[in-house]
1. Being in contact with a Gly (Cβ under 9 Å, 6 or more places away or on another chain), in contact (Cβ under 8 Å) with a residue 12 or more places away in the chain, surrounded by 15 or more Cβ atoms within 10 Å (Cβ to Cβ) and basic (K, R): is that true of R38 here?
2. Where in segment 75-123 are there strands (runs of 3 or more DSSP E), lying fully within it, with 2 or more residues that are among the acidic types (D, E) and open to solvent by 10 Å² or more (accessible area, probe 1.4 Å)?
3. Can you give me the number of residues within segment 2-30 that are in contact with an Asp or Glu (Cβ under 6 Å, 6 or more places away or on another chain) and either free of Cβ contacts under 8 Å to residues at least 60 places away in the same chain or more than 13 Å from C96 (Cα to Cα) (or both)?
4. Against the condition surrounded by 14 or more Cβ atoms within 10 Å (Cβ to Cβ), closer than 11 Å to V79 by Cβ, without any contact (Cβ under 8 Å) to a residue 60 or more places away in the chain and within 12 Å of the chain's Cα centre (by Cα), how does A33 come out, does it pass?
5. Name the residues in segment 1-31 that are part of a loop (DSSP other than H, G, I, E, B) and modelled with pLDDT under 95, would you?
6. Only residues that are closer than 20 Å to G8 by Cα and among the basic types (K, R): list them for segment 77-123, please.
Amino acid sequence: QVQLVESGGGLVQAGDSLRLSCAASGRAFGRYAMGWFRQAPGKERGFVAGISRSGGSTDYADSVKGRFTISRDNAKNMVYLQMNNLKPEDTAVYYCAAQYASSWSRVVRVESWGQGTQVTVSS
């Protein structure tokens, strides 16, 4: 199992960009598909983006498609979420997630979660 630690959250204005990072520990990082989820106050945690083991395939929620980009660096055990043109409705705690699969699947169980990082977008 991998341990995950997110960073990079903060307070920004609408239209700004932010890049979240997720550091993974453990030698098996390359065996996991990785993803990002978010949870706004009073709402359930929801899928944002996912990336395959190799980084060759990605998946995005409709609400972020074209604005967010997920990427990974297997040599550094890192996953990133580049968020552009941020909107107030993107305000949430963002969580990194690991899934023991070759490609990200919205139905396969997440095995590891990070502790989350807060992103606040002001209008």
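1. Taking the combined requirement at face value, the residue satisfies it.
2. Answer list for segment 75-123: none.
3. Residues flagged as in contact with an Asp or Glu (Cβ under 6 Å, 6 or more places away or on another chain) and either free of Cβ contacts under 8 Å to residues at least 60 places away in the same chain or more than 13 Å from C96 (Cα to Cα) (or both) within segment 2-30 amount to 0.
4. Against the criterion (surrounded by 14 or more Cβ atoms within 10 Å (Cβ to Cβ), closer than 11 Å to V79 by Cβ, without any contact (Cβ under 8 Å) to a residue 60 or more places away in the chain and within 12 Å of the chain's Cα centre (by Cα)), A33 does not qualify.
5. Correct list: Q1, V2, G26, R27, A28.
6. K87
The values are calculated or read from the model by the stated rules, or taken from the named source; none is laboratory data. These numbers were taken from a predicted model, which means no experiment stands behind them. Neighbour counts are summed over all protein chains in view; Cβ atoms, including those assigned to glycine, are modelled from backbone coordinates with ideal geometry. Each accessible area value is taken on the protein alone, full model and side chains, heavy atoms only, with ligands, DNA and RNA left out. Shrake-Rupley method; radii C 1.70, N 1.55, O 1.52, S 1.80 Å.
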